[in-house]
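In what follows, a structure is listed as structure tokens, so that the remarks can point back to it.
The values are calculated or read from the model by the stated rules, or taken from the named source; none is laboratory data. Owing to the predicted nature of the structure, the values given are computational and were not obtained by experimental measurement. Note that each Cβ is placed from the backbone with ideal geometry, even for glycine, and that neighbours are counted across all protein chains shown.
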Amino acid sequence: MGNIVVSPHDKEGQHHMMATPTSNNPNGGSAATAKNKSEITVLLLGAGESGKSTLFKQVQFFHGVGITHDQERIELIEIVRLNVLENAKNLVAATQHLNIPIEQPENRETAKLIINSLNTNDLEDPSWSKRLYSLWKDAGIQKAYENREKFQLYDSTEYLFENLDRICSDKYVPTVVDVIRTRTKTIGITDMKFDVGDGKQLRLVDVGGQRNERRKWIHFFNTVDAVVFLTSLSEFDLNLYEDNGYWRVKESLRVFNEVVNNALFYKVPFVLLFNKRDLFEKKIATKSFSKYFSGFNEAEEKNPVACIEYMTKLFLNEITEHPLDTVSVKTLSAIDHDNSKQVFEEVKQFIMTQQHRE
Amino acid sequence: MLGQEETNLNQKETSQNDDNAIIIEPNDNNATDYHPDDIQSQIQLTGIEGLPHHLLSEMKTNIGVTVEELSRKHIVLLIFLRYFGCVFCQKSVVQIVSCLSNLIKLNCVPVFVHQESKEEADEFFSEKGMPKPLIKLEKKEDKEITVNNQALTSETVSVTFEKSARSKLMKQFLRVEDPEGTYYYKQFGVVPSATKMVTFTSTLDAFKLSLTEGYKLTPDASKKADRDQLAGSFIVAHGRIVNQFVTHSASKIPDFLELLLDVEGKGSDNLFDLLSISDDSSTNDEESIDKEEIVPEFVETSQVNLVERKNMKKLLQNYPMARKLASLPKEVMKMKDKRSFSCTSAQIDLSCTISLEESLINPQYRKVFKLFAAKIYAIESLLFWEHATAYQKLKTLKKRRQLAQYIIDTYLNSDSMLEINISSAMKKRVLSTFEKEGAIPELFDDVKVSMEGDAIKDSFLRFVESELYDQRIRKAK
């Protein structure tokens with residue numbers, strides 16, 4: 001694990017609490033810790049499914065945190081397969097909901113099994129690879145998939161179905177990309193630390209994004225040196241997971257407004273990351289962007305740069321309190337390793353420079 | 001084997017921690033599962049049995065209600081402070097503040113016992129007496145509150161304890177004045193330090209604390225207070241003391257959550273079990289509870305005047321759990337999983353790991369998992385899981401209906417601080433099923449399965465990577 005601490009809570013730390021600040025302890029830490037100047041705390045914030053944990057996982061990976069324990073590996077296999085099943089279930093449910101019949105009789109059989117009895121252990125059997133793939137390619141399922149903005153579906157669906165031959169095998173071992181691509185809903189808080197030179201450590205904090213999770217955020221606001229706010233570019237046609245009648249963009253703007261104008265963050269560097277650029281570019285090729293934004297020029301809607309520029313304005317307009325010279329805006333594709341690495345490096349530099357200025 | 005290892009752990013961590021053990025129902029035959037032929041447990045048993053349970057009804061808090069009365073509705077965390085000038089005493093308060101939101105979620109009210117007079121206590125529990133680390137935070141928060149009143153929060157300390165900064169919070173802490181300075185201390189076995197001056201290491205620790213974390217070493221401590229007095233903490237539920245932490249070292253402050261969840265303990269499954277110890281005359285109708293505010297015997301107590309009842313009610317409003325607890329069927333609280341795991345069990349493979357399923361089903365593992373979840377702010381998933389599991393086992397429709405309503409109010413209501421993270425589609429499905437088909441046994445099955453697959457799974461994945469897991473489970477195996 002090298003120099004990185006990934007444990008959210010250090011039991012043994014209790015004993016040393018008298019000697020060292022308990023920055024390792026998200027619970028007692030916030031109140032009991034005298035601020036340690038050599039540690040820079042960076043919060044990853046944003047609404048649900050904006051990619052906070054994906055970026056967090058990327059940072060872990062390029063700082064050398066791999067899958068170390070066998071147990072972790074076993075859990076990850078389970079999580080990948082749970083993702084496959086969840087996606088399959090959601091698609092099948094959507095065909096019913098949207099009144100799109102699954103065309104092939106054998107796929108209908110598969111669909112029944114998925115809804116009723118299939119579990120992750122079954123997926124060790126390679127025959128499921130073919131059956132699930134055949135279901136995925138069914139015209140009915142594909143039609144539902146084209147209409148995926150009408151229901152909740154993970155971004156990773158296509159990727160997972162295209163990799164079924166690996167996943168449905170008793171020899172399956174999740175790759176780094178698999179882990180990055182799978183969706184796990186983050187609950188509560190998690191953090192990691194790594195050295196950034198000059199004897200300084202960066203503590204990166206990842207949190208859950210849904211409404212109930214955001215109530216917990218205030219607990220971590222006390223000792224913050226920088227905020228990285230993520231929002232998903234590709235959410236313009238989607239509604240919330242936790243409130244299916246509510247437009248995701250509206251929620252993101254609202255949360256951004258609350259965070260960026262929070263007095264606790266006046267003086268800290270603030271980064272706004274427009275994530276899922278890859279998905280976004282694919283999406284606007286087939287979907288209308290201007291349909292969702294009355295103020296946007298329809299003629300420009302296939303031009304990603306113009307769309308992103310528009311979104312940027314929309315978000316920056318929300319800033320009423322935070323000094324604009326300490327706000328930085330970037331785009332990101334968090335599932336892309338190289339892009340994440342580059343963007344995170346820029347973010348780090350920006351934060352360090354701002355820190356220096358202070 | 002698990003039992004043995006635990007004892008070792010105890011000894012390694014703190015020689016005093018052994019008293020930490022807990023008693024549950026004396027008629028619980030299962031108790032031997034947890035510490036086979038452990039003589040010490042016998043001693044511990046008399047240890048807690050021998051505590052002055054009767055004193056609880058005379059220990060009056062500053063809002064007029066007694067500790068005993070409080071413990072009928074809440075779990076009381078009774079903390080005997082050293083003396084106000086002491087950095088460790090201040091640190092205890094800071095610790096409580098930082099885990100307060102978790103305490104509230106677990107329906108636990110902290111109550112401080114102090115040697116000093118009421119006036120001195122009022123001064124300490126105010127802006128003036130506030131420990132330095134809290135003052136620092138306060139300054140930051142003040143700004144936030146003026147600008148950003150309604151933003152983001154609804155769960156936090158400041159909101160649950162009436163939206164306020166930490167100095168207001170300080171004032172609201174309940175406390176009990178010891179009539180003779182150290183009378184209660186002595187009765188509870190919280191003794192002065194044996195070596196006349198508090199030990200050298202503690203003094204050193206105190207200096208470190210004041211230097212690194214900004215605690216103040218106050219020379220002008222109260223004359224009334226004995227400076228050699230040590231601290232102690234007790235958990236009180238339904239008029240009985242059920243767990244304790246006493247120490248012979250001034251600098252030792254327990255992990256209050258650990259004490260509360262009884263991680264060291266040998267049987268109590270969870271807090272709802274603790275509540276079951278009582279002879280609580282529970283009412284079925286939630287409305288009537290709200291009207292009566294507290295259990296009947298409390299209302300009958302003649303000394304309790306209107307103001308005090310109002311105080312109690314006000315406190316209750318901050319604890320959504322407590323309001324509804326009495327409406328639950330008794331078996332729910334008593335319920336305990338008799339399945340117990342050990343290394344010899346066939347279900348466990350040779351590697352030192354446990355599955356998510358085990359960590360949920362085995363009460364001992366689940367306690368550790370809960371402690372971890374509380375620390376990463378994810379406890380609500382596990383509390384829901386426990387209640388949903390209890391629900392599945394209920395036999396009668398009437399009881400299911402009560403618990404279903406409780407679960408919905410506590411975990412599905414978006415105003416609840418214990419709201420779980422599920423999709424609105426799933427939430428709607430449960431609510432409409434409840435409306436159309438009533439409290440069917442399968443009502444929460446889908447939510448539970450889905451939670452096991454994502455929310456709880458996410459916590460578990462981090463749990464197996466944690467030090468806590470290493471210490472308490474991997475090493476214990």
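Worth pointing out:
- The set of residues in region B:54-71 that are closer than 15 Å to B:Arg240 by Cβ and either within 14 Å of the chain's Cα centre (by Cα) or surrounded by 21 or more Cβ atoms within 10 Å (Cβ to Cβ) (or both) comprises B:Leu56, B:Met59, B:Thr66, B:Val67, B:Glu68, B:Glu69, B:Leu70, B:Ser71.
- The lone criterion from (1) in the same structural domain as A:Phe62 (by TED's automatic domain parsing); (2) among the hydroxyl-bearing types (Ser, Thr, Tyr); (3) farther than 21 Å from A:Asn257 by Cα left unmet by A:Thr231 is number (3).
Condition check ((1) at pLDDT 95 or above; (2) within 13 Å of chain B (Cβ to nearest Cβ)) across all residues:
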| residue | (1), (2) |
| --- | --- |
| A:Lys216 | no, yes |
| A:Thr223 | no, yes |
| A:Leu233 | yes, no |
| A:Val255 | yes, yes |
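- Filter result for B:Leu371 (hydrophobic (A, V, I, L, M, F, W, C) and surrounded by fewer than 21 Cβ atoms within 10 Å (Cβ to Cβ)): no
- Test set (1) more than 11 Å from every other protein chain (Cβ to nearest Cβ); (2) assigned to a loop (DSSP other than H, G, I, E, B) - A:Ala285 fails condition number: (2)
- Unique residue being within 14 Å of chain B (Cβ to nearest Cβ), part of a loop (DSSP other than H, G, I, E, B) and in contact with an Asp or Glu (Cβ under 8 Å, 6 or more places away or on another chain) when the list is A:Tyr172, A:Tyr154: A:Tyr154
- Search result, residues across region A:44-71 that are part of a helix (DSSP H, G or I) and closer than 17 Å to A:Met192 by Cα: A:Lys52, A:Ser53, A:Thr54, A:Leu55, A:Phe56, A:Lys57, A:Gln58, A:Val59, A:Gln60, A:Phe61, A:Phe62
- Flag: A:Thr353 matches the condition of being surrounded by fewer than 16 Cβ atoms within 10 Å (Cβ to Cβ), closer than 21 Å to A:Tyr266 by Cα and among the β-branched types (Val, Ile, Thr).
- Only one entry of A:Leu55, A:Leu118, A:Leu113 meets the criterion of being closer than 25 Å to B:Ile422 by Cα, away from every other protein chain (no Cβ under 12 Å), crowded, with 23+ Cβ neighbours inside 10 Å and modelled with pLDDT of 85 or more, and that entry is A:Leu55.
- Any hit, region B:240-248, residues being more than 15 Å from the chain's Cα centre (by Cα), modelled with pLDDT under 85 and not hydroxyl-bearing (Ser, Thr, Tyr): yes
- Contacts under 6 angstrom Cβ, first residue in region B:155-182 being in a strand (DSSP E or B), partner surrounded by fewer than 20 Cβ atoms within 10 Å (Cβ to Cβ) and modelled with pLDDT of 70 or more, 6 or more apart: B:Arg175/B:Asn62; B:Glu177/B:Lys118
- Checking B:Glu442 against (1) more than 9 Å from every other protein chain (Cβ to nearest Cβ); (2) within 25 Å of A:Ile79 (Cα to Cα); (3) in a loop (DSSP other than H, G, I, E, B); (4) touching a helix residue (DSSP H, G or I) at 6+ places or on another chain (Cβ under 7 Å), the condition it does not meet: (4)
- Of the candidates A:Gly199, A:Gly209, the single residue that is among the small types (Gly, Ala, Ser) and either surrounded by 21 or more Cβ atoms within 10 Å (Cβ to Cβ) or within 21 Å of A:Asp336 (Cα to Cα) (or both) is A:Gly209.
- Which numbered condition A:Gly245 fails, given (1) at pLDDT 95 or above; (2) over 21 Å from A:Ile351 (Cα atoms); (3) small (Gly, Ala, Ser): (1)
- Residue in region B:6-24 that is over 21 Å from B:Glu116 (Cβ atoms), charged (D, E, K, R) and at pLDDT 50 or above present: no
- Failed criterion for A:Ser134 (all others in (1) out of contact with any Phe, Trp or Tyr (no Cβ under 8 Å at 6 or more places or on another chain); (2) within 29 Å of B:Arg462 (Cα to Cα); (3) more than 14 Å from chain B (Cβ to nearest Cβ) hold): (2)
- Of all residue pairs spaced 6 or more apart or on separate chains, those with beta-carbon atoms under 8 Å, a first member in region A:133-148 that is assigned by TED's automatic domain parsing to the domain that holds A:Gln104 and surrounded by 21 or more Cβ atoms within 10 Å (Cβ to Cβ) and a second member that is of a type in the set (Val, Ile, Thr) and not in a helix (DSSP H, G or I) are A:Leu135/A:Ile102; A:Asp138/A:Ile102; A:Gly140/A:Ile100; A:Gly140/A:Ile102; A:Ile141/A:Ile102; A:Ala144/A:Ile100.
- Odd one out for B:Lys395 among (1) touching a residue at least 40 places away in the same chain (Cβ under 8 Å); (2) surrounded by fewer than 20 Cβ atoms within 10 Å (Cβ to Cβ): (1)
- Restricted to region A:229-282, and to residues there that are in contact with a Gly (Cβ under 9 Å, 6 or more places away or on another chain) and assigned to a strand (DSSP E or B), the residue that is surrounded by the fewest Cβ atoms within 10 Å (Cβ to Cβ) is A:Asn239.
Let's see how each residue does on (1) in contact with a Phe, Trp or Tyr (Cβ under 8 Å, 6 or more places away or on another chain); (2) assigned to a loop (DSSP other than H, G, I, E, B); (3) modelled with pLDDT under 95:
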position: B:Tyr377; (1), (2), (3): no, yes, yes
position: B:Gln392; (1), (2), (3): yes, no, yes
position: B:Met417; (1), (2), (3): no, yes, yes
position: B:Asn421; (1), (2), (3): no, yes, no
position: B:Phe434; (1), (2), (3): no, no, no
position: B:Tyr469; (1), (2), (3): yes, no, yes
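- Matching residues in region B:114-131 - criterion: being under 25 Å from the mean Cα position of the chain (by Cα) and not in a loop (DSSP other than H, G, I, E, B): B:His114, B:Ala121, B:Asp122, B:Phe124
- Given (1) surrounded by 19 or more Cβ atoms within 10 Å (Cβ to Cβ); (2) in contact with a Lys or Arg (Cβ under 6 Å, 6 or more places away or on another chain); (3) in a helix (DSSP H, G or I), number of the condition A:Ile218 does not satisfy: (2)
- Residues that are surrounded by 14 or more Cβ atoms within 10 Å (Cβ to Cβ), of a type outside the set (Gly, Ala, Ser), under 14 Å from A:Val227 (Cβ atoms) and away from chain B (no Cβ under 14 Å), drawn from region A:320-335: A:Thr326, A:Val327, A:Val329, A:Lys330
- Unmet requirement for A:Thr312, which otherwise passes all of (1) in a helix (DSSP H, G or I); (2) hydroxyl-bearing (Ser, Thr, Tyr); (3) at pLDDT below 95: (3)
- Which numbered condition A:Leu132 fails, given (1) more than 30 Å from A:Trp247 (Cβ to Cβ); (2) at pLDDT 95 or above; (3) more than 27 Å from the chain's Cα centre (by Cα): (3)
- Test: residue in region A:334-342 that is modelled with pLDDT of 95 or more, outside any helix (DSSP H, G or I) and in contact with a strand residue (DSSP E or B) (Cβ under 7 Å, 6 or more places away or on another chain): yes
- Output for region B:407-438, where each listed residue is closer than 16 Å to B:Ser381 by Cβ, of a type in the set (S, T, N, Q) and more than 11 Å from every other protein chain (Cβ to nearest Cβ): B:Thr410
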